[in-house]
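This report refers to the structure that appears directly beneath it.
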Amino acid sequence: MLQRTEGIVLRTTPYGEADLIVTFLTKDHGIIKVFAKSPRKVKSRFGSSLEPLTCSRISFWGKEDSALPRLTQADITHVYSSIRESLSGFLKVSELIELTLYLVPERDRSRNVFSLLMRTLALMEAGPAEQLITLFYKLKLLDIAGFLPRLQSCGRCGGEGDAFHLMQGTVLCGNCCTGDGQVSRLSRSARTFFSTLLKWEMSKLHRLKPAEGIIRELVVLIDEHAQYVTEKNLRTKSFRVG
Amino acid sequence: MHGIIENLINQLTRLPGIGRKSAQRLAFFILSMPESEAMSIAEAIRTVKQTARFCNTCFNITDNEICEVCSDDSRDRSRIVVVEEPSNILVIERSGAFRCLYHVLLGALSPIDGVTPEKLKIKELADRVAAGGIQEVVVATNPNTKGEITAQYIKEVLAPLGVKVTRIAYGLPMGSDIEFADEVTLSKALAGRREL
């Protein structure tokens, strides 16, 4: 069956001499992998449409539950070239993509992730404050995947707590905190900012001006939490520039 | 008899672009060849597997410590063309456009696949440039995202060394038609236009 949708290239894996297995995040089918015949040849009809961070209208052929349908067409609608052409920008986006691939199962038809990534890339393309944008994306992605940590109040009694338990995925108060497992302290301002961020609209993100320390505190905690729930070390994290 | 032919067919299907039918055709062609010719193919495969190694300087494939390109004194030794794979050198050499030195990275950076700078021969390139005598480094990695990221990383690494770093041009392939070009290639070709 021929299927059409809109998608963005997350990753490409070379296959054979000139073929590619392309991972798309699509509007209608979630994350899918498709087989593209000979896009690496100079005169390929796919041109540059299968490069990462390229949005296209795509058509692919295969049974509905086919593990690897064949890509028949890809018409570019937008290219995030400014992100792709900046080493630091591409590294940040690669981290988000890697996390998405770990947290979102293939063929999960939820549209939230597609629109979340598209809006995030649009913001990153428009200007600075990348750290806040990537933090926001990670929180929303964890929320969609059902792994959002609870930092607002104690996960057991609802009281105020500042000890984040990695294994529990929540902060615990002094009474509920047993001391088992890895615990990290979180400042009150970081917890307040976390709550604000969850209710904030993405389009108004530039209005938030948190202290750098607060963002750093949350980034470290969210990264540790994401690593714990995915049970994977992000490969992109091991990439150091300079 | 059937078993040994079947084995040869199975072995040939391991080669890229060779399916079962092609392997069958090749197997029967090898069977019909004079023994000396067939054995020379086998010997060539054995030799290349036993003696091929990377050049100590540029990481091209060679059977000595230093490859033919690096030991050729008639070449322009002030320029290095950086490529991803040794096979890229053959293509550039065939074009006849450059007679200079090369440096093979043995891959391209890909953060998401865990290919970090430490896994490529980038430090060795910086060491070659730092040793002196190089005026220009031409980055000829593939014109795709991984190749572009690699080129940018090389530019950052070589910046303190004060060497000129250039990138091969982007554009339309010769013999193609503009109306079939995609937006990105065309915009790159226009951006990289030159005066006639």
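The values are calculated or read from the model by the stated rules, or taken from the named source; none is laboratory data. Since the model is a prediction, treat every value here as computed from it, not as a measurement. Backbone-built Cβ (ideal geometry, glycine too); neighbour counts: all protein chains shown. Remember, those area values only see protein heavy atoms, side chains included, never the ligands or the DNA or RNA. Shrake-Rupley method; radii C 1.70, N 1.55, O 1.52, S 1.80 Å.
Of the cross-linked pairs A:33/A:232; A:27/A:140; A:37/B:119; A:43/A:63, which ones have a Cα-Cα span greater than 19 Å in the structure shown? Write down the numbers at each step before the final one.
Details: A:33/A:232 21 Å; A:27/A:140 17 Å; A:37/B:119 29 Å; A:43/A:63 28 Å.
Table pairs above 19 Å Cα-Cα are A:33/A:232; A:37/B:119; A:43/A:63.
Cysteines of chain A lacking any other cysteine Cβ under 4.7 Å from their own Cβ: A:55, A:157, A:176, A:177. Close amide H partners of residue A:19, meaning residues 5 or more places away or on another chain with modelled amide H under 5 Å apart, are A:38.
Heavy atoms of chains B and A lose about 2200 Å² of accessible surface on contact, summed over both sides with a 1.4 Å probe.
Once neighbouring chains are kept in place and the probe is 1.4 Å, which whole percent of the accessible area of chain B is contributed by carbon and sulfur? It would help to have the intermediate numbers written out before the result.
Working: 6780 of 12150 Å².
Taking all protein chains in place, chain B shows 56 percent carbon and sulfur surface.
Do the sum for chain B: with -39,500 (n - 2.57) for every DSSP H run of n ≥ 4, divided by all residues, what is the mean residue ellipticity at 222 nm, to the nearest 500 deg cm²/dmol?
Numbers: 7 runs with 83 residues, N = 196.
Helices in chain B give a 222 nm mean residue ellipticity of -13000 deg cm²/dmol.
Once backbone amide H atoms are built at 1.01 Å from N, residue B:58 has B:67 as its partners under 5 Å, excluding neighbours fewer than 5 places away on the same chain.
So what is the relative contact order for the range A:2-79, in percent, with contacts set as C-alpha pairs under 8 Å and at least six apart? Please list the in-between numbers first.
Numbers: 185 pairs, mean separation 24.2, N = 78.
Reported as a whole number, the value is 31 percent.
Grab the other residues whose beta carbon is less than 12 angstrom from that of residue A:49, score K and R as +1, D and E as -1, and report the net. Local net charge: -2.
Reducing the range B:173-196 and the range A:116-191 to their Cα centroids gives an inter-centroid distance of 47 Å. Residue ranking by accessible heavy-atom surface, 1.4 Å probe, largest first, among B:84, A:6, B:179 comes out as B:179, A:6, B:84.
Keeping all protein chains in place and using 1.4 angstrom, which order do B:90, A:148 fall into by accessible surface area, from largest down?
Numbers: B:90 120, A:148 50 Å².
Output order, biggest surface exposure first: B:90, A:148.
The amide H of residue A:161, built 1.01 Å from its N in the peptide plane, has A:154 as neighbours under 5 Å, considering only residues 5 or more places off or on other chains.
Using DSSP to define loop residues, name the trypsin sites (Lys or Arg not before Pro) in the range B:5-82 whose beta-carbon has at most 14 other beta-carbon atoms within 10 Å. Before the final figure, lay out each step's value.
Values: sites: B:14, B:20, B:21, B:25, B:46, B:49, B:53, B:75, B:77, B:79; in loops: B:14, B:75.
Filter output for the range B:5-82: B:14.
Can you give me the accessible area per residue for the protein assembly as shown, using a 1.4 Å probe, in Å²?
Details: 23790 Å² over 438 residues.
Roughly 54 Å² per residue, with all protein chains present.
With r as the distance between the Cβ atoms of residue B:18 and residue A:147 and R0 = 51 Å, compute the FRET efficiency 1/(1 + (r/R0)^6) and round to 0.05. Here the calculated transfer efficiency is 0.65.
What shape does the range B:72-167 take by its C-alpha gyration tensor, where a ≥ b ≥ c are the square roots of the eigenvalues and a/c under 1.5 counts as rounded, a/b above b/c as prolate, and the rest as oblate? All intermediate terms of the calculation are to be shown ahead of the outcome.
Numbers: a/c = 1.92, a/b = 1.26, b/c = 1.52.
Oblate, since a/c reaches 1.5 and b/c is not below a/b.
3J(HN,Hα) couplings calculated from phi for the range B:83-91 with the Karplus curve 6.51 cos²θ - 1.76 cosθ + 1.60 (θ = phi - 60°) are, in sequence order, 10, 7, 10, x, 5, 5, 5, 4, 5 Hz; Gly and Pro show x. Label separation (residue A:212 vs residue B:46): 6.5 nm, computed from points 7 Å beyond Cα along the C-beta direction.
Per-residue SASA remark: residue A:43, around 140 Å² accessible (1.4 Å probe; ligands, DNA and RNA not included). Taking every DSSP helix (H) stretch of at least 4 residues in chain A, weighting each as -39,500 (n - 2.57) and dividing the sum by the residue count yields a mean residue ellipticity at 222 nm of -11000 deg cm²/dmol.
The 1.4 Å probe gives accessible areas that order B:41, A:8, A:21, largest first, as B:41, A:21, A:8.
For chain B, calculate the relative contact order in percent as a whole number, restricting contacts to Cα pairs under 8 Å that are 6 or more residues apart.
13 percent
As a length-normalised measure over Cα pairs under 8 Å and 6 or more apart, the relative contact order of the range B:94-193 settles at 22 percent. In the complete set of protein chains, residue-level accessible area for residue B:2 is approximately 140 Å², probe 1.4 angstrom.
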